[in-house]
Amino acid sequence: MSNEFQTHLPPISEIWVYLSGSPLLALVLTLSAYLLGLTLYERSQRNPLANPVLIAVVVVTLSISVLDMPYAKYFEGAQFVHFLLGTATVSLAIPIYKGFASLKGRMGVLLLSLVAGGITSVFTAVGVARWLGVDESLVRGLVAKSVTAPIAMGIAERVQASPTLTAIFAVSTGILGAVLGRYILDALRVTAWWQRGFALGVAAHGIGTSRAFSVHPEAGAYASLGMGLHGIVGAVVIPQAVAWWF
């Protein structure tokens, strides 16, 4: 039986030809890269420097470069993951609802932090870009990247920026925030989990929120709140600000 089964198996070369021409390869590559990143993250005892998204981005980039796979072809297979991005963002409302009772007496401070964090995020990115003489179309993308990627891409279309570049800027911001956030908050002596989580959610979006959840549930709930509020306010205010500013 086993010998008969083996004789009917196609050669490895034929399997590879099929996979290389199928969108399935990009999906498998994306999921495998993230699984590798998550495994390394857990084995490093959740060290922020071993961020699973950062590892996955590096692995996917190297892989499609070696395979000489055009980005359009890669996205054709990986777009299912892209579709789930918005769904995952909305689902973060669940921990916010569960932790709603703990918001009493904190909303004033949180809203002030939200405004300060959002303004700082926009002005520092745009200020540095203009100081370096970056093209105006890229500057618009930097304005929109201040919120989580699904919302940022929608804002980018409204302000005539590239949604793809904006998504890259937003994800890069999230990775940097998730990797460096712990050290910055430690240096500032911010110890309360709700404060650390909210700061990560505002500054590092979904990737920072994922990092917060992996550390402490309270930090994750407040990171979800920060990311959600920042996304809502940003979707309303940023297009108006761009129309006035540019």
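The residues on offer are Ser113, Ser137, and the sole one that is modelled with pLDDT under 85, in a helix (DSSP H, G or I), out of contact with any Cys (no Cβ under 8 Å at 6 or more places or on another chain) and assigned by TED's automatic domain parsing to the domain that holds Met227 is Ser137. Could you tell me whether segment 178-192 includes any residue that is in contact with a helix residue (DSSP H, G or I) (Cβ under 7 Å, 6 or more places away or on another chain), at pLDDT 90 or above, surrounded by fewer than 23 Cβ atoms within 10 Å (Cβ to Cβ) and within 27 Å of Phe75 (Cα to Cα)? The answer is yes; a qualifying residue exists. Among the conditions (1) surrounded by fewer than 14 Cβ atoms within 10 Å (Cβ to Cβ); (2) more than 16 Å from the chain's Cα centre (by Cα), the only one that Val139 does not satisfy is (1). Scanning segment 221-230 for residues that are buried (at least 24 other Cβ atoms within 10 Å of the Cβ) and either farther than 11 Å from Val147 by Cβ or of a type in the set (Gly, Ala, Ser) (or both) yields Ala221, Tyr222, Ala223, Ser224, Leu225, Gly226. Here are some residues: Ile94, Ile151. Which one is outside any loop (DSSP other than H, G, I, E, B) and surrounded by 19 or more Cβ atoms within 10 Å (Cβ to Cβ)? None of the others qualify; the one that does is Ile151. Only one entry in Val128, Val134, Val122, Val109 is surrounded by 10 or more Cβ atoms within 10 Å (Cβ to Cβ) and in contact (Cβ under 8 Å) with a residue 60 or more places away in the chain, namely Val122.
Asp186 fulfils the conditions (1) in contact (Cβ under 8 Å) with a residue 24 or more places away in the chain; (2) over 10 Å from the mean Cα position of the chain (by Cα) except for a single criterion, (1).
The condition (being within 22 Å of Leu110 (Cα to Cα) and of a type in the set (S, T, N, Q)) is satisfied by just one residue among Thr209, Thr164: Thr209. Candidates Ser63, Ser146, Ser102: the one that is in a helix (DSSP H, G or I), of a type in the set (S, T, N, Q) and assigned by TED's automatic domain parsing to the domain that holds Ala241 is Ser102. Considering Gly174, Gly220, Gly206, the condition of being in contact with a His (Cβ under 6 Å, 6 or more places away or on another chain), in a helix (DSSP H, G or I), closer than 22 Å to Asn47 by Cβ and in contact (Cβ under 8 Å) with a residue 40 or more places away in the chain is satisfied by Gly174 alone. Go through segment 22-49 and report how many residues are in contact with a Phe, Trp or Tyr (Cβ under 8 Å, 6 or more places away or on another chain) and surrounded by fewer than 18 Cβ atoms within 10 Å (Cβ to Cβ). Matching residues across segment 22-49 total 2. If you filter segment 189-203 down to residues that are aliphatic (A, V, I, L, M) and in contact (Cβ under 8 Å) with a residue 40 or more places away in the chain, you find that the one that is farthest from His230 (Cα to Cα) is Ala199.
The values are calculated or read from the model by the stated rules, or taken from the named source; none is laboratory data. Bear in mind that the values here come from a model prediction, so they are computed numbers and not experimental data. A quick note on method: Cβ atoms are made from the backbone with ideal geometry, for glycine too, and the neighbour counts reach across all protein chains shown.
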